[in-house]
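Visitor: I have a structure here, written as structure tokens, and I will follow up with some questions on it.
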Amino acid sequence: MAANVVRRSAWGAGRRFGLVAYRKYSSGGGYPTIPLTAPLPGVPKPVFATVDSQEVFETRVTTLENGLQVASQNKFGQFCTVGILINSGSRYEAKYTSGISHFLEKLAFSSTAQFGSKDEILLTLEKHGGICDCQASRDTTMYAVSADTKGLDTVVSLLADVVLQPRLSDEELEMTRMAVRFELEDLNMRPDPEPLLTEMIHAAAYRENTVGLNRFCPAENVEAIDRSVLHAYLRHYYTPDRMVLAGVGVEHEQLVDCARKHLLGVAPVWGNGQAGEVDGSVAQYTGGILKLEKDMSDVSLGPTPIPELTHIMIGLESCSFLEEDFIPFAVLNMMMGGGGSFSAGGPGKGMFTRLYLNVLNRHHWMYNATSYHHSYEDTGLLCIHASADPRQVREMVEIITREFILMAGAVGEVELERAKTQLQSMLMMNLESRPVIFEDVGRQVLATAGRKLPHELCRLIGNVGAGDIKRVATKMLRNKPAVAALGDLAELPTYEHIQAALASKDGRLPRMYRLFR
């Protein structure tokens, strides 16, 4: 009864406010014969915003008199991301004490000639809603700030001071030594072994050269790195011709003006002396194996501990990101996909990739099978990381070698289209983020003095065919493998057996016969 009263009162209110008449009109009763694809009569023609050309999407690049490149990308919004990317990293440390780039990453945004402490820098950024970060990789060091666009001049001034005028006080160096020691200890204790395995596979693939040099500071070098060591390195590698000032969400002319004001004719704290020759070594792929016997039984204790696992990573040389084959390799990596055995989600999470369908779904005892693709200016590495119980290591290695061999076999049309679509989707989704656009702009301009736009990359991805995948995979399989192994390695096959499996037709390991069991 009460419900009927409520309905009647609502109906009466609708009549009073004209909602009933509107409902009849909006149901399509007024235009019963007009399809949804045709415009309604009497309705004004809509006017849509148009773009005159692709110019607003293009990355603009200007080179200053000292060789510094200034790159910018339009993006609507109140905030911008601005930073300096430097052609510097652990690959250039062959003639220096290993670990310098790791130290510089930790010392970033500390006291400078203009700012007395890191707190002063953070307070200055807070006035513009800003945050800062520094990341050092094998080939690039990146100093970045995200802040309100109104504070652009302050941000560029701060970045110039941080990069060219760091004080590197004794107190800051000692604090950095503590931070580096803690990070090294954490690297060996963390349940996720992927960062350590990545270091090991690079060291095995490029033995004692370029990208195979240690990205983390070795424990024995922590005390050896001081101000004079850092200045000697900075003098050679922190030069304007090896830098890009990149900005996203800023006007190009304004960014160039700020660069001229704060980065042109500025004497760095280590002096204006003539920079010597920089290391121009090209990466030499060697292949090989690196093993680390380690007790993994107590890595993750607690109510639901992770079982003891042995981790294997097998890699082969691919190509640099400057080569045309980079796109087919990226599609191949996406097609392999993979992840952990407990990953949740549907097709968008890679559950239909080869390493899920052929490995994780068929072999319940495998805990992980994931494909990775590392690419640099002069080389690349495509790897598969797998983990399982130590007693099943041999079987796990054979499963992975068979997957490598199958890469050069038949490629299904459906799986190829899915991989291409997923790669295009991931590319466009990532480029919705302003910091990701900034890094993409900076890295591309640093390497090529220009930038390929997303729609160009999507077109290149769409053009990849099954023949391209087979061609690059066949070429890759001609190389010696790189192998990294971590954990209980009693059942690990020899390097020669792994190499023989990758050279065979079916990827099987050579049979072993034992007289005594």
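The values are calculated or read from the model by the stated rules, or taken from the named source; none is laboratory data. It should be emphasised that the depicted structure is a prediction, and the values quoted were computed from it without experimental measurement. Glycine also receives a Cβ, built like all others from the backbone with ideal geometry; neighbour counts cover every protein chain displayed. Calculation scope for accessible area: heavy atoms of the full protein, side chains included, ligands and nucleic acids excluded. Shrake-Rupley method; radii C 1.70, N 1.55, O 1.52, S 1.80 Å.
Visitor: Mind listing whichever residues of segment 200-215 are open to solvent by 20 Å² or more (accessible area, probe 1.4 Å) and not small (G, A, S)?
Guide: Listed by number, the residues that qualify are R207, E208, N209, L213, N214, R215.
Visitor: May I pose another question? Anything in segment 270-298 that is open to solvent by less than 70 Å² (accessible area, probe 1.4 Å) and farther than 30 Å from A490 by Cβ? List them, or say none.
Guide: The answer is W270, G271, G273, A275, G276, V278, D279, G280, S281, A283.
Visitor: Quick check on segment 491-513. Is at least one of its residues free of Cβ contacts under 8 Å to residues at least 40 places away in the same chain and either in contact with a Cys (Cβ under 8 Å, 6 or more places away or on another chain) or among the basic types (K, R) (or both)?
Guide: Yes, segment 491-513 contains a residue that is free of Cβ contacts under 8 Å to residues at least 40 places away in the same chain and either in contact with a Cys (Cβ under 8 Å, 6 or more places away or on another chain) or among the basic types (K, R) (or both).
Visitor: Check E439, E432 and return the single one that is at pLDDT below 95 and closer than 30 Å to M243 by Cα.
Guide: E432
Visitor: Condition check: of a type outside the set (A, V, I, L, M, F, W, C) and within 22 Å of the chain's Cα centre (by Cα). Does R471 satisfy that?
Guide: no
Visitor: Now for a different question. Can E183 be described as in contact (Cβ under 8 Å) with a residue 12 or more places away in the chain, surrounded by fewer than 17 Cβ atoms within 10 Å (Cβ to Cβ) and either touching a helix residue (DSSP H, G or I) at 6+ places or on another chain (Cβ under 7 Å) or closer than 30 Å to P218 by Cβ (or both)?
Guide: Answer is yes for this residue.
Visitor: Looking at L427, L357, L416, which one is aliphatic (A, V, I, L, M) and under 21 Å from the mean Cα position of the chain (by Cα)? Quick ask: steps written out before the conclusion?
Guide: Details: L357 fails: under 21 Å from the mean Cα position of the chain (by Cα); L416 fails: under 21 Å from the mean Cα position of the chain (by Cα).
One residue alone meets the criteria, L427.
Visitor: Only one of (1) more than 27 Å from Q135 (Cβ to Cβ); (2) touching a Gly at 6+ places or on another chain (Cβ under 9 Å); (3) not acidic (D, E) is not met by S425, so which one is it?
Guide: Result: S425 passes all but (1).
Visitor: Right, something else. If we scan segment 163-177, do we find a residue that is touching a strand residue (DSSP E or B) at 6+ places or on another chain (Cβ under 8 Å), open to solvent by less than 30 Å² (accessible area, probe 1.4 Å) and closer than 25 Å to V244 by Cα?
Guide: yes
Visitor: Within segment 427-453, restricting attention to residues that are open to solvent by less than 30 Å² (accessible area, probe 1.4 Å) and in a helix (DSSP H, G or I), which residue is farthest from V248 (Cα to Cα)?
Guide: Of all residues in segment 427-453, those open to solvent by less than 30 Å² (accessible area, probe 1.4 Å) come to 431, 437-438, 441-442, 445, 447, 450, 453.
Checking the rest, the ones that are also in a helix (DSSP H, G or I) come to 437-438, 441-442, 445, 447.
Values: I437: 7, F438: 6, V441: 8, G442: 10, V445: 13, A447: 18 Å.
Residue satisfying both the conditions and the ranking: A447.
Visitor: Next question. Of all residues in segment 65-110 being farther than 21 Å from C134 by Cα and either touching a Gly at 6+ places or on another chain (Cβ under 6 Å) or of a type in the set (S, T, N, Q) (or both), which is most open to solvent (accessible area, probe 1.4 Å)?
Guide: Out of the qualifying residues, it is Q78.
Visitor: Now a separate question. Could we say that A160 is in a helix (DSSP H, G or I), modelled with pLDDT of 95 or more and surrounded by 18 or more Cβ atoms within 10 Å (Cβ to Cβ) here?
Guide: yes
Visitor: Name every residue in segment 474-497 that is more than 12 Å from T310 (Cβ to Cβ) and under 24 Å from the mean Cα position of the chain (by Cα), in order of residue number.
Guide: Scanning segment 474-497 gives M476, P481, A482, V483.
Visitor: Quick check, is Q424 farther than 21 Å from P328 by Cβ and part of a helix (DSSP H, G or I)?
Guide: So Q424 fails the test.
Visitor: Going by the structure shown, is Q424 of a type outside the set (A, V, I, L, M) and under 30 Å from I312 (Cα atoms)? Lay out the reasoning, then the answer.
Guide: Numbers: of a type outside the set (A, V, I, L, M): yes; under 30 Å from I312 (Cα atoms): yes.
The answer is yes for Q424.
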